[in-house]
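J.: Just passing along the structure, written as structure tokens.
Readers should treat all values here as calculations from the given coordinates under stated rules, not as data from a laboratory. Since this is a predicted model, take the numbers as computed values, not measurements. Cβ coordinates were reconstructed from backbone atoms using ideal geometry, including for glycine residues, and neighbour counts include every protein chain displayed.
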Amino acid sequence: MSKQFYLTTAIDYVNGEPHLGHAYEKIITDIIARTHRSLGQEVFYLTGLDEHGQKVQTAAKAAGKDPQVYCDEFSKIWEAFAGLLNLTNADFVRTSSGRHKVFVQAVLEKLNDNGHFYQAEYRGFYSARQETFLTEKDRREDGTFDPIYGDVTELVEHNYYFKLGEHQQWLIDHIEANPGFVQPATRRNEVLGFLKNNTLEDLCITRPKARLEWGIPLPFDEEYVTYV
């Protein structure tokens, strides 16, 4: 058994106050963390907040507040919530924090230097509620989009993309060579089945500042932001 064990809760979106569902997830995660500590393992248990994106920018504007101020106020509520539950998390990450920005920009810079990104035009549909691009395959049989996507708009814009498709075979080979990489075995087989029968699409990693300012500035192009 490895002497180190890492686990994380969902990094919650800062668009509202915590509720019972959040408590359930975090308590279960805390039980797992405590169990592994009792087995003598060094545990790093993470929780925190996802603070960037269109929804936060829009909500902050509606409240008449700067996005950072808006996030700072909600962060106090969520951190107090973690304390109320007596969680034993080792860290509470905030994606608007300086340390997070520095790390993300360093990773992006390295990936860009190694040729893993390219810029391309996107023409299609965009869901502001889910902050995701949609394709024709996301439509229902009657041609509409599921209400979960909220208002869907047609969009034409340039963005940066990660060459995810180039890594598909490497990922398959790595999982097959390392059976413990994805657990349990049923999920490992599920992931391999998906990878072998579908083509991974390249991943859009940016939004233009003209549309979204509340994000982490791209270190190699100041006209764009990312949020992770």
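J.: Scan the range 181-222 for residues that are among the hydroxyl-bearing types (Ser, Thr, Tyr) and out of contact with any Phe, Trp or Tyr (no Cβ under 9 Å at 6 or more places or on another chain) and jot them down.
T.: Residues satisfying the conditions are THR186, THR199.
J.: Right, here's the next one. From the set of residues in the range 117-138 that are in contact (Cβ under 8 Å) with a residue 24 or more places away in the chain and of a type in the set (A, V, I, L, M), which is surrounded by the most Cβ atoms within 10 Å (Cβ to Cβ)?
T.: Across the range 117-138, the extreme among qualifying residues is ALA128.
J.: Would you check which residues across the range 175-228 are surrounded by 16 or more Cβ atoms within 10 Å (Cβ to Cβ) and either at positive phi or among the β-branched types (Val, Ile, Thr) (or both) and list them?
T.: Answer for the range 175-228, where residues must be surrounded by 16 or more Cβ atoms within 10 Å (Cβ to Cβ) and either at positive phi or among the β-branched types (Val, Ile, Thr) (or both): ILE175, VAL182, ILE205, THR206, ILE216, VAL225, THR226.
J.: Out of the range 189-222, which residues are touching a residue at least 24 places away in the same chain (Cβ under 8 Å), of a type in the set (A, V, I, L, M, F, W, C) and in a helix (DSSP H, G or I)?
T.: LEU195, the sole residue that qualifies.
J.: Scan the range 103-116 and give yes if some residue there is within 17 Å of the chain's Cα centre (by Cα) and without any contact (Cβ under 8 Å) to a residue 12 or more places away in the chain, otherwise no.
T.: Yes, because at least one residue in the range 103-116 is within 17 Å of the chain's Cα centre (by Cα) and without any contact (Cβ under 8 Å) to a residue 12 or more places away in the chain.
J.: Another question, if that's okay. Among residues belonging to the range 75-102 that are more than 20 Å from ASN15 (Cα to Cα) and of a type in the set (S, T, N, Q), point out the one that is surrounded by the fewest Cβ atoms within 10 Å (Cβ to Cβ).
T.: Within the range 75-102, the match that is surrounded by the fewest Cβ atoms within 10 Å (Cβ to Cβ) is ASN86.
J.: Ok, one more. So, of the residues in the range 12-27 that are in contact with a Lys or Arg (Cβ under 9 Å, 6 or more places away or on another chain) and part of a loop (DSSP other than H, G, I, E, B), which turns out to be nearest to PHE74 (Cα to Cα)?
T.: Among them, the one singled out is VAL14.
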